[in-house]
1. Please work out, to two decimal places, the log10 of the ratio I(q)/I(0) at q = 0.20 Å⁻¹ from a Debye calculation in which every Cα of the range A:101-195 carries one identical scatterer.
2. Beyond 18 Å, how much of the Cα-Cα pair distribution for the range A:53-113 remains, as a whole percent?
3. Of B:GLY43, A:PHE152, B:SER21, which is farthest along the charge dipole of the protein assembly as shown in the positive direction, counting Lys and Arg as +1 and Asp and Glu as -1 at C-beta?
4. Residue-wise, which Karplus ³J(HN,Hα) couplings in Hz belong to the range B:79-94, taking 6.51 cos²θ - 1.76 cosθ + 1.60, θ = phi - 60°, and x for glycine or proline?
5. Read phi for every residue in the range B:27-38 and hand back ³J(HN,Hα) as whole Hz from Karplus 6.51 cos²θ - 1.76 cosθ + 1.60, θ = phi - 60°, with x for Gly and Pro.
6. What longest range of chain A stays clear of loop-exposed GluC sites (Glu not before Pro) (DSSP non-H/G/I/E/B, at most 15 other C-beta within 10 angstrom)?
7. At q = 0.13, 0.15 Å⁻¹, what is the base-10 log of I(q)/I(0) for the protein assembly as shown according to the Debye formula with one equal point scatterer per Cα and no solvent? Please give it to two decimals.
8. Considering every residue in B:43-55, what mean count of other chain Cβ atoms within 10 Å of its Cβ is obtained?
Amino acid sequence: MENEEKMMTGEESLRIITEMINKTKFDIRQGSFYLLFWGWLIFVCSLSDYLLQKFTDIAHPYYVWFLIIPGVFVSMFYGFKTGQKAKVRTYAGTLYMWIWMGFLIAATVLFIIQSKRMDLVSPYILLLAGLPTFISGFIIKFRPLILGGICFWILALGIYFAGPSFYSLGTAIAMLAGYLIPGYMLKNRVDHDKV
Amino acid sequence: MTRFKELDPILHSQLRLAVISLLVGIEMAEFTYIREQTGATAGNLSIQITKLKEAGYIEVTKKFKNNYPQTLCSITKLGKQKFTEYVNDLKDYLSPKQNAK
């Protein structure tokens, strides 16, 4: 930036304003970590649950879901570390964070309410998860994530009517469509620095 | 070339306008981030940030992060209001009706 007292034309002022405002857009790369991390974790849990139910006599196949607990800690640790490194806090970034925090709280409440029938929780979790996914897609203007959110809702409806035997498989498909595919697309986005 | 001496003199300077334009879209930013984005020298930026702070356009908070000093800047309500006024004034100056005079 040149000498601060240099006179500017209106065009120069506008150029500076536009250039600076464009630099402050939310860095979407931080979102791709969570999509891929949670996408893979829940995909592995749900598919394992499905395969164990289908092909083994294991008494409690849903125990694989306990992997979610260390997952929450890994997520929190990552969030803490990236938060410490961050040199800037955007409104979109804060909104993005609180939407997902809200989902985490709602999901915890749902788990408590449904604690006696955890085997029936999948359609409701997909229903809840669709909302932050859908809104996040709009915040970062990323259509695959918006479509991912819609996929969650369609699959929530689909597995609800298909019955409990399809819950785990439906959840695995939802992870592919809602988190993993948009997550990898986000990661590999051509204009990878800022969007 | 049209000159704009009538515009808010606090904002009508390249670096101060850049700082305010950067801060208007975010909650807060570190001094080093502002320096990277504006390409200004630390000394010059420090002077301009002080001017903006004294005018009440921005708020400056000093903290420590990992034992290193950290300067955080955020725009104030007055800063947002002045920025909006500046942009509106700029629009008036740039409108064909005004330029034709």
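Here, each number is a calculation from the coordinates, and none is a lab measurement. Since this is a predicted model, take the numbers as computed values, not measurements. When we count neighbours, we look across all protein chains shown, and the Cβ atoms used for this are built from the backbone with ideal geometry, even at glycine.
1. Taking Cα atoms of the range A:101-195 as identical point scatterers yields -0.94.
2. Details: 1009 of 1830 pairs.
Cα-Cα pairs in the range A:53-113 separated by more than 18 Å: 55 percent.
3. Working it through, the farthest residue towards the positive pole turns out to be B:GLY43.
4. x, 5, 5, 5, 5, 4, 4, 4, 5, 5, 4, 4, 4, 4, 5, 8
5. Along the range B:27-38, the couplings run 6, 7, 9, 6, 3, 5, 5, 4, 5, 4, 6, 8 Hz.
6. Values: sites that count: A:GLU2, A:GLU5.
The longest such stretch corresponds to A:6-195.
7. Treating every Cα as an identical point scatterer, log10 I(q)/I(0) equals -0.92, -1.08.
8. Details: counts 0, 4, 2, 0, 1, 2, 0, 0, 1, 0, 0, 0, 0.
Going residue by residue through B:43-55 and averaging, the value is 1.
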